[in-house]
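The values are calculated or read from the model by the stated rules, or taken from the named source; none is laboratory data. These numbers come from a predicted model, not from an experiment. Using ideal geometry, Cβ is built from the backbone for each residue, glycine included, and neighbour counts are taken over all protein chains shown. Side chains are part of the model used for accessible areas, which takes the heavy atoms of the whole protein and leaves out ligands, DNA and RNA. Shrake-Rupley method; radii C 1.70, N 1.55, O 1.52, S 1.80 Å.
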Amino acid sequence: MSGEQKKRIDYIDFMNIYACFSVVCMHCSGSVFEYGNIESRLFLLSLFVQTLAHSAIPVFFMITGTTLLEYRKKYDTKTFFKKRFMRTVIPFVFWSLFYLLRPVWMEGTPFPKAEDFRNALLNNQATNIFWFFYTLFAIYLCIPIFSLIAKKENFRIVEYICLLSFLGTAVYPVVTRFLFPVYGEIVPPFVTGNMGYVFLGWLICHENYSKRKRTAIYIAGIAGALLLFFGTWYLAVREGYTDEFFMGYSSLACYPMSAAVMLFGKHVKWERIYRLIPQTVVMKIASAGLGIYVVHLFFIMVGEKIHIFGVHVMYFTVIMPFLIYGISLAVVLLLKKIPVIRKIVP
């Protein structure tokens, strides 16, 4: 294995761990959406945590682009879809039904009707955080096409796609809200949503940015983080509720911040970590990322019933992410060791 390949694998593993833990942090700081109903210190603490963690979902999509856009080098498209089905679709169905039925055995609610099962699977009505899977499935359907573009000879085309995505999903909404209206049909449809992040992840992986360019991206990322925090704070004070405009994953705040986080992750000398933690351990923790995503919400629900966290919500925001992540990781790794059961753990 070449040094370049090893470096790529290293940073993808660590970025996966970062993104997974950050998702847990975001879901433990939901007080940020209750401006006006909570004390300002709790709102600011939650907003600070959200700012530090908000690159998590974009990083997940960038990892998807980095690892899957070149799938044709390893296997054919039929195998690609088979692997994606086994890794995501089967777990999605099981855990959607799990969360749909959870209130029945935990709270004694009536058994769901047939239409509830249908809506749980087709309309994201099992648990709202599973919106991620629907987006992921849509991306998977596009990857066989976009994999034909993601080649080194097409660097400029990929850069153009990322630029269009940034302009269409990050800049355009700011212009229309704060400056003047612009007809929405001008935004190219194939770069909307999170597809730009898929290409951006691949681009960051393969492009060798100069120190000057990296510095510029880092500065833009810091500016994005400041915009997310202070912009959201300002809008909340002005509107009287939590306006999520700058908290969008493709917003003008989050887009440069996420790019900076991913680029920074690529250039960290992660091999130094292996002096303390074996690489096999890091890879195993990283492989549990999607599994942690599907189970951690259950443990958050349990944690919310603990009296001390209900009385002192700040403790929940600061302490709970570490407990939830650790418990979820242990459960996922255990389930992965059990025959048949491991098929429901992504």
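Quick notes on this structure:
- Qualifying residue in region 20-28 (condition: surrounded by fewer than 18 Cβ atoms within 10 Å (Cβ to Cβ) and hydroxyl-bearing (S, T, Y)): no
- Every residue from region 46-85 that is assigned to a helix (DSSP H, G or I), more than 18 Å from F14 (Cβ to Cβ) and open to solvent by 30 Å² or more (accessible area, probe 1.4 Å): F48, R72, K73, T77, K78, T79, F81, K82, K83, R84, F85
- Region 1-26 - residue that is at pLDDT below 50 and of a type outside the set (G, A, S) and, of those, farthest from V59 (Cα to Cα): M1
- Enumeration of residues in region 280-298 that are open to solvent by less than 10 Å² (accessible area, probe 1.4 Å) and not in a loop (DSSP other than H, G, I, E, B): V282, A286, G289, G291, I292, Y293, V294, V295, H296
- Look at region 45-60: where a residue is under 15 Å from F133 (Cα atoms), no partner that is among the basic types (K, R) sits 6+ places away or on another chain with Cβ atoms under 6 Å.
- Screening I277 with (1) of a type in the set (V, I, T); (2) without any contact (Cβ under 8 Å) to a residue 60 or more places away in the chain; (3) in a helix (DSSP H, G or I) gives one miss only, at (3).
- Screening E207 against (1) in contact (Cβ under 8 Å) with a residue 24 or more places away in the chain; (2) over 24 Å from the mean Cα position of the chain (by Cα) leaves a single unmet condition, (2).
- From M301, M320, M257, residue being surrounded by fewer than 17 Cβ atoms within 10 Å (Cβ to Cβ), part of a helix (DSSP H, G or I), hydrophobic (A, V, I, L, M, F, W, C) and touching a residue at least 40 places away in the same chain (Cβ under 8 Å): M301
- Among the candidates T51, T64, T77, residue that is within 17 Å of V294 (Cβ to Cβ) and of a type outside the set (A, V, I, L, M, F, W, C): T64
- Of the residues making up region 93-145, just one is more than 24 Å from V24 (Cβ to Cβ), modelled with pLDDT under 95 and either crowded, with 17+ Cβ neighbours inside 10 Å or touching a strand residue (DSSP E or B) at 6+ places or on another chain (Cβ under 9 Å) (or both), namely P112.
- Within region 201-230, the residues that satisfy the criterion of being surrounded by fewer than 16 Cβ atoms within 10 Å (Cβ to Cβ) and hydrophobic (A, V, I, L, M, F, W, C) are A216, I219, A220, I222, A223, L226, F230.
- Considering residues of region 147-184 that are open to solvent by less than 40 Å² (accessible area, probe 1.4 Å) and outside any helix (DSSP H, G or I) only, the residue farthest from G231 (Cα to Cα): S147
- Any hit, region 262-271, residues being free of Cβ contacts under 8 Å to residues at least 40 places away in the same chain, part of a helix (DSSP H, G or I) and surrounded by fewer than 21 Cβ atoms within 10 Å (Cβ to Cβ): no
- Pairs are defined by a Cβ separation below 7 Å, a sequence spacing of at least 6 or placement on different chains, a first member in region 122-133 that is on the phi > 0 side of the Ramachandran plot and free of Cβ contacts under 8 Å to residues at least 60 places away in the same chain, and a second member that is surrounded by fewer than 17 Cβ atoms within 10 Å (Cβ to Cβ) and assigned to a helix (DSSP H, G or I); the pairs so defined are N124/W131; N124/Y134.
- Number of the exception - Y218 against (1) more than 23 Å from S55 (Cβ to Cβ); (2) touching a residue at least 12 places away in the same chain (Cβ under 8 Å); (3) among the aromatic types (F, W, Y): (1)
- Pairs are defined by a Cβ separation below 8 Å, a sequence spacing of at least 6 or placement on different chains, a first member in region 92-107 that is more than 13 Å from R118 (Cα to Cα), and a second member that is assigned to a helix (DSSP H, G or I) and charged (D, E, K, R); no pair meets this definition.
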